[in-house]
């Protein structure tokens, strides 16, 4: 943006410039709490950024995007910061005034009305005055305004406003667009104006406008989107609404020296102290910032901002007049906006440097201890010479911090390759890096290869064995040959969702490869032996599932005697008394006891009835047997917990012994 006019360390001449090398660092993005953005200014004195939000007023930001101060002044059309960085001036056309703010605090210093019908649009400084372009509102509300250039002199006891300092060609007969103004950081004797019908350079050292050069016709006509001067004032850059180019003119005669091609339609332009030109665009599918080295019409870097919203396709774009080079520094600041109207501060740490691309290709998998080859290509918008060095680092399980391999150099096309024989299995990552130089940023790329590992022998006994409730199960895990790791972990995972997997033992196996441990079992339990692997052996887990019976009991009551019939003991019940069966199982949510009753009929035991009965809070299930009409018959009964059908599956199916009963006549 052209308003970066705070003092710089030295004047730059547009020509051959050598930049100092600097370490590569990351660009940054910060969402801003604003609804519009225009007129970005970089204040190197305070490391602040100023911008205008036409909906609210003036905003001061830190370089990190934090809001430092605001001043409520809706409708600002332009901002300038004085060369001593003490005052910030704002043009407010709809209020017919120019407003002065303290640049440190954004407190109001003064307001300067410029005329009852005079709408100031754009500002610059020079020759001890504030220069402004304006549109004079016509008496006829349907008529066209008259555009020209005026000045505000604050040197005397009272402000002095002078109008019509330029000629009639500053008038825009179509859209009432006042010309844009700019001045240089280190040249206080000239200002430039870029209008719809003409561009001009003025000498203002004595406080009056003296035209030095002018150009008109088709080459300059149309609305100027932005204008910027080189810090020494020798060159002028202009952008035109809807054009895909930036024009560079010599201010001594306004001859065109360069045309910088861009894509997407320009929205902003600024020239750095070393002559580097940055141009921003409003395109959504093209690069958003184009950076041209001093004297060149070829970009050194094209920056694509990407898409920060998921509403519609197309990337973010640069807001109007919202590019600014860091005064006295190397960074480039920009305000971007997405399709949802969200504004962000973008900070580019190395915008002058070409951004090389580094690509790697190679196998996705490989056998261990077998040679593999990775190929690469290094490209840059500034051609790299043959012999450019790159470094190669390998990271794997044995060398997590990385091992530096022999470096490589590129050929004339940027190609290179290297061969390595990885001894470690698993994920092996190769990182290739180019260190960068004075004109190119550093870049690196990685390529990962899955190197096969051998599968170790791992065993665990007792799989499928059934234990009594509360018994101790003893396990032995066996680990075969490995590379370095000889540790085995054994876990127990009782069935059911209320108990988690727990470690039983973690230790180095003995000299024969065994590890021993035990666990008391109250449920079916999955026991796992785990080997976590090493650089040459893959991880492995084996599981042994052991099953656990429940202590199931069945008690018969209400009988009047116990006596044998033949060799079998029976409970004897009177024919009017209902037998009662009580089944007790370990309590578990939703558990039910299974009960089956058989009748002895025609010389054989036959099914009489069965079913499931839920538990009370003590784990008991109580059943009353209706024996009316069955006097003189023999019955037998047993109960069970049945895996999967008794309401859960955390134990092994367990039956009680049969008990016998007789219904007396």
Check your understanding: Between region 402-433 and region 132-178, what's the alpha-carbon centroid distance in Å?
Key -> 67 Å
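Taking the convex hull of the alpha carbon atoms in the chain, what volume per residue do you get, in Å³? Could the numbers behind the result be given before it?
Values: hull volume 188.8 nm³, N = 665.
Expressed per residue, the convex hull around the Cα atoms of the chain is 284 Å³.
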**Study point:** Cβ-Cβ FRET estimate between residue 501 and residue 72, R0 fixed at 41 Å, reported to 0.05
**Key:** 0.10
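Multiply the residue gap between residue 163 and residue 116 by 0.36 nm, knock off their C-alpha separation, and tell me the result in nm, one decimal place.
Working: separation 47, 0.36 × 47 = 16.92 nm, distance 1.23 nm.
Stretched fully, the residue 163-residue 116 segment lengthens by 15.7 nm.
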Review point. Counting other C-beta atoms within 10 Å, which of 104, 350 has the fewest, and how do the rest follow?
Key: 104, 350
Review point. Given a cut-off of under 8 Å on Cα pairs at least six residues apart, what relative contact order in percent is computed for region 231-346?
Key: 17 percent
Point to revise | Separation of the residue 405 and residue 263 label points, Cα + 7 Å toward Cβ, nm | key: 3.5 nm
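Using the count of nearby Cβ atoms within 10 Å as a rough guide to exposure, how do 366, 444 rank from fewest to most? Walk me through the numbers before you get to the answer.
On the way: 366 19, 444 15.
Result, fewest neighbours first: 444, 366.
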Check your understanding: Suppose R0 equals 25 Å; then what is the FRET efficiency for residue 510 and residue 463 from their Cβ-Cβ distance, rounded to the nearest 0.05?
Key -> 0.70
Review point. When 655, 588 are ordered from fewest to most other Cβ atoms inside 10 Å of their Cβ, what list results?
Key: 655, 588
Exercise for review: Counting only C-alpha contacts under 8 Å and six or more residues apart, can you give the relative contact order of region 458-548 as a whole percent?
Suggested key: 39 percent
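Given a Förster distance of 41 Å, report the FRET efficiency between residue 472 and residue 361 from their Cβ-Cβ distance, rounded to the nearest 0.05.
The calculated FRET efficiency here is 0.10.
Find the relative contact order for region 357-451 and round it to a whole percent, using C-alpha pairs within less than 8 Å whose residues are 6+ positions apart.
Numbers: 221 pairs, mean separation 32.2, N = 95.
Answer for region 357-451 is 34 percent.
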Point to revise | Alpha carbon centroid spacing (whole Å) that separates region 608-630 from region 447-462 | key: 54 Å
**Study point:** Cα shape, region 299-367, gyration tensor, a/c 1.5 rule
**Key:** oblate
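Read-outs: derived from the displayed coordinates by stated rules, not from any lab. None of these values were measured; they are calculated from a predicted model. Cβ coordinates were reconstructed from backbone atoms using ideal geometry, including for glycine residues, and neighbour counts include every protein chain displayed.
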